[in-house]
Amino acid sequence: MATDTNSYTAERAPVLRSLAQLAERIERVGSDFPMPFLVVRMRRLHHVAWREGRSAARAIERQYADAFKDIASRILRRSDLIAHDRGSEHFVAALVSPAGSNGITAVPKCRTTLARLAAAMESTAEVQVETGWTMLSGAKADFDLPAAIDAALERGAYERADSEFFGTLAHELRTPLTSIRGYLETVLEENLDRDTMQRFLQTAQSEALRMERLLNGLFDSALLETRMPVAGNQSGQLDEAIDAALDTVAPMAAARRTVISQFVRDQRTVLLSTDQLTQILVNLLENAVKHGREKGRIVVVAFDAGDDFAEVRVDDDGPGVPAEERDAIFAPARRGKTARADGRGLGLAVVRLLLGRVGGGVTVGDSPFGGARFTIRLPLSDPRERAADAESPSAPARSRE
């Protein structure tokens, strides 16, 4: 027997409610299982209203609402809840209907549903949307709809940044891997003189070390995001890490004829392993070499910052970082507008992640040399060392070219 598709769709389609009605229904319906809560945000609706007038904005909003209802009728069940207020940027869906034997809708289905909603809505106009999702745990008499919307969009923003991070990481790993393969194949297949072979192998080794740092950064970022505890016995020597970092970036600095001066006035133990601290310093120094002037100058200073912290400053003479970009450059895959060299914006994100694990931090400001000054703040592994080493002599200044 033939099925009336229109009747079936109307029978199973969820009803579009106001956001207030949605909140009331969620409180009343509740759930013994986590309830997926999906949000699609129509970006810049108020900007459209200001630029083109209320009528134009209202017309676009109606198009979005129609697309939202249409796709919801195809992929959601009648018992699911969808809502939107006139003039609001938010379109919301609460998936009340159990989607499996345990009543929990799988995360992939949440993302697929959101992607389909967003695609249908974006196809109706040129204004982009943002998406996000969260899980509502059981019935709540004090359900906070704005907080749930914010939580969903925050998760969405994090997942987009995470996706960009892994995409960028894949690109970053592919570049040194291609270089290593090319140099090794040349060494194996060509009849090279000893000096050329040595140079090619050293370059391949340098690229392999760069891959190792990228993978270490990925591992540490995963540890941070899963909130795994920091090992209690983790510690490293500040002066040893600085020396190792300077050795690592020496070939790059030599290629650009950059002089790096080192002034170490703090040689104590900090709450990061020497390897991790070396990785942080290498990222900062490579950033300074790449974006500083050719035949330029970099100064590294380490000192006791008080309050059981040490600080390291890296100054360069490049273009600096504009004030409006100083927070954004620490996000994955973000680079400043004044950046001169190639790069994918991972190094500073890794620096912030590693320091954040131990309660440290990183900031950027103006350098007295006209470029950027990056300052990292490191907690001491044993604060009692501050008193014991207060009279320790400073290490002599050194310069490398």
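Bear in mind that the values in this text are calculations on the coordinates, not laboratory data. Because the structure is predicted, anything quoted here is derived from the model rather than measured. Glycine also receives a Cβ, built like all others from the backbone with ideal geometry; neighbour counts cover every protein chain displayed.
Could you calculate the contour length gain from Asp162 to Leu184, that is, 0.36 nm times the residue separation minus the distance between their Cα atoms, to one decimal place in nm?
Net length gain for the segment: 4.6 nm.
Label-point separation (nm) for Ala254 and Trp50, each offset 7 Å from Cα along Cα-to-Cβ?
Roughly 5.5 nm, to one decimal.
How do 155-164, 184-193 rank on mean C-beta neighbours within 10 Å, highest first?
Descending packing order for the listed peptides: 155-164, 184-193.
Just subtract the alpha-carbon distance of Ser123 and Glu324 from 0.36 nm times their residue separation and send over the number in nm, one decimal.
Result: 69.0 nm gained on full extension.
Check each of the trypsin sites (Lys or Arg not before Pro) in the range 266-311 and keep only those in coil by DSSP with at most 12 other C-beta atoms within 10 angstrom; list them in order.
Passing both the DSSP loop test and the Cβ count: Lys295.
What ranking do Met252, Met42 get, fewest neighbouring Cβ atoms within 10 angstrom at the top?
Ranking Met252, Met42 by Cβ neighbours within 10 Å, fewest first, gives Met252, Met42.
If we count every other residue with Cβ under 9 angstrom of Asp316's Cβ, Lys/Arg +1 and Asp/Glu -1, where does the sum land?
Taking every Cβ under 9 Å from that of Asp316, the sum is +1.
For the residue pair Arg111 and Asp366, what label-to-label distance in nm results when each label sits 7 Å from Cα along the Cα-to-beta-carbon direction?
4.5
Along the Cα→Cβ direction, 7 angstrom out, place labels at Arg86 and Arg199. What is the inter-label distance in nm?
Computed distance between label sites Arg86 and Arg199 equals 7.4 nm.
Counting other beta carbons within 10 Å of each Cβ, put His46, His90, His291 in order, fewest first.
Ranking His46, His90, His291 by Cβ neighbours within 10 Å, fewest first, gives His46, His90, His291.
Residues in the range 239-269 near a label at Glu212, defined as backbone nitrogen under 20 Å from the 7 Å Cα→Cβ point?
239-253
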